[in-house]
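Data first, discussion second: the structure below is written as structure tokens.
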Amino acid sequence: QDQYESPDYYLLDELLSEEHKLIRSTVRQWVKKELSPVIEDFAQRAEFPKHLVKGLAEIGAFGPTIPEEYGGAGLDYISYGIIMQELERGDSGIRSTASVQGSLVMYPIFAFGSEEQKKKYLPKLASGEFMGCFGLTEPDFGSNPSGMVTNFKDAGDHVILNGAKMWISNAPFADIAVVWGKDENGDVHGLILERGMEGFLTPETHGKWSLRASATGELVFDNVRVPKENILPNVKGMKGPLGCLNQARFGISWGALGAAMDCYDTALRYSKERIQFDKPIGGFQLQQKKLAEMITEITKGQLLVWRLGTLKNENRATPAQISMAKRNSVETAQIIARDARQMLGGMGITGEYSIMRHMMNLESVVTYEGTHDIHLLITGMDVTGLNAFK
Ligand code: TGC
Ligand code: FAD
């Protein structure tokens, strides 16, 4: 049986198809059986549970919206959101691995790649035989990626790539990397790098207190010879990488609510079991206030992302709408994680419960894929028509 009840205060299940519910159940069962029993240990040891890659592929977590002819599942965006939600109930780091693989590696190859590139890489990425990473952020260009200095020069049948990327999820073990760099005219292009190319290194980043079960690293390019056939032919300019971010941010808007649901669910159950002053702490008004606010914010978030999913299915979701949802879901999850942790008292700081891990993970989630501030400024720009970045 399902590990948790979905918080479903407004009967949102009625908006889901039988297929959506089946997908949710499949991913939820997998999280319960394969992920939840081991995740705390891997997070404590700051190790990515690589053995889970095959299972993630089997439940369709890699590129669920990519058409079946390329190894994807050809599902709609609500399904994609549900998969991210259930994975992040388990751990944001594992959802990150799936987000990167599907939205940031498979999506650009599918949307901007040649037929040969699609056939060569997509089925192997969908099955987890190849793992990928996405290199946009640089040491000196995070929120402002268009300033990137990674660049390549024409050298006949190949190009010579130089530069470095930082904070790259999956980098330490990725077989391929979708890297964004500038050509001699300063135009941004996407290149597919393969592990083993001379001059291409992926050192791991250590010492993170957040997303500890996700491997993060740098990408270093020292005169890497990249065959021209590895350049994504069908996009030029920042709309390439930023278009991929729309996909990943959409998934995070559902995913972060999953982390919030797990914190709420844990705090609710604990509040009924923990006795202080001779009654369950859930009977005290202060604790009820926390729980009531949690379920209210989760419900508002669920409605937002469901509507966003339907707009995305109709190809009508705007980047600014996606920014609003990503920002709202992550903030919701952060506030709920903090309140839920307090509700567990001392037990809340231990690895016996998932809340503290979610809380720490969410510090990365609120930072990557555009910080909280950046998404606010995107909304500000959208409603005023005035650009605060320039
Ligand atoms: P700007 O001048 O506004 O636009 C440049 C061109 O890009 C187009 N564009 C978009 N296209 C598609 N989707 C979007 N969301 C787009 N936003 C902009 C725009 O229309 C324009 O096209 P064209 O044809 O006119 O050239 O761009 P800007 O340089 O001023 O930057 C705007 C800003 C600040 C919003 C953007 O740079 C931004 O979003 N910054 C945040 C950076 C970010 O989110 N980085 C994420 C790195 S990847 C990551 O974190 C992965 S974590 C993975 C995990 O583990 O889950
Ligand atoms: P900065 O851009 O230096 O921002 C610092 C602070 O300044 C922030 O609070 C920001 O909001 C604020 N700020 C910046 N500009 C403005 C402004 N105009 N107005 C007001 N405030 C502003 N990147 C990838 O390319 N691929 C990945 O796979 C990836 N994975 C990641 C995994 C983890 C665990 C982390 C932590 C990051 C990852 N990133 C990845 C990088 C991530 O996208 C960046 O960290 C993020 O975009 C912010 O960039 P920065 O860290 O350089 O912060």
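The values are calculated or read from the model by the stated rules, or taken from the named source; none is laboratory data. The model shown is predicted, which means the values in this text are computed figures rather than measured ones. Backbone-built Cβ (ideal geometry, glycine too); neighbour counts: all protein chains shown. These accessible areas exclude ligands, DNA and RNA; they are computed on the full protein's heavy atoms, side chains included. Shrake-Rupley method; radii C 1.70, N 1.55, O 1.52, S 1.80 Å.
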Percent relative contact order for the chain, counting Cα pairs under 8 Å at least six residues apart, stands at 18
Between the residues Leu11, His206, Gly90, the Cα farthest towards the positive end of the dipole of the chain, that dipole coming from +1 and -1 charges on the beta-carbon of Lys, Arg, Asp and Glu, is from Leu11
Checked against the positive end of the charge dipole of the chain (+1 on Cβ of Lys and Arg, -1 on Cβ of Asp and Glu, about the Cα centre), the farthest of His20, Val179, Ala155 is His20
Of the accessible area of the range 41-196, computed with a 1.4 Å probe and all protein chains kept, carbon and sulfur make up a percent value of 49
Of the listed links Lys119/Lys153; Lys118/Lys239; Lys21/Lys50; Lys33/Lys290; Lys120/Lys312, those spanning more than 22 angstrom between alpha carbons are Lys119/Lys153; Lys21/Lys50; Lys33/Lys290; Lys120/Lys312
Whole-percent tail of the Cα-Cα distance distribution for the range 316-390, cut at 21 Å, equals 39
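Ratio of the range 190-289's C-alpha Rg to 2.2 N^0.38 Å, to two decimals?
So the range 190-289 has a normalised radius of gyration of 1.86.
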The relative contact order of the range 205-291, taking Cα pairs under 8 Å that sit 6 or more residues apart, comes to a percentage of 13
By accessible area (1.4 Å), largest first, Leu268, Leu286 order as Leu286, Leu268
If R0 = 56 Å, then Met238 and Glu352, at their Cβ-Cβ distance, give a FRET efficiency to the nearest 0.05 of 0.80
Fraction of alpha-carbon pairs in the range 282-366 farther than 19 Å apart, rounded to whole percent, equals 49
For the chain, the Cα convex hull volume per residue in Å³ comes to 137
Taking 0.36 nm per residue of separation between Leu376 and Glu229 and subtracting their Cα-Cα distance, the length gained on full extension comes to 49.1 nm
Expected field for Met166, accessible surface area in Å² at 1.4 Å probe radius, rounded to 10, holds 60
Sorted by accessible surface (1.4 Å probe, heavy atoms of the protein chains only), largest first, Trp180, Trp30, Trp209 come out as Trp209, Trp30, Trp180
With +1 on the Cβ of every Lys and Arg and -1 on the Cβ of every Asp and Glu, the dipole magnitude of the range 69-172 about its Cα centre, in debye rounded to the nearest 20, is 100
Largest-first ranking of Lys300, Lys119, Lys228 by accessible area, probe 1.4 Å, whole protein assembly kept, is Lys119, Lys300, Lys228
Reported to the nearest 10 Å², Thr296 has, with a 1.4 Å probe, an accessible area equal to 70
Relative contact order in percent for the range 190-338 (Cα pairs under 8 Å, 6+ apart) equals 25
Per the helix-only model, the chain has a calculated mean residue ellipticity at 222 nm (DSSP H runs of ≥4, -39500 (n - 2.57) each, divided over all residues, rounded to the nearest 500) of -15000 deg cm²/dmol
Over its alpha-carbon atoms, the range 5-112 yields an Rg and a Dmax in Å of 14.2, 41
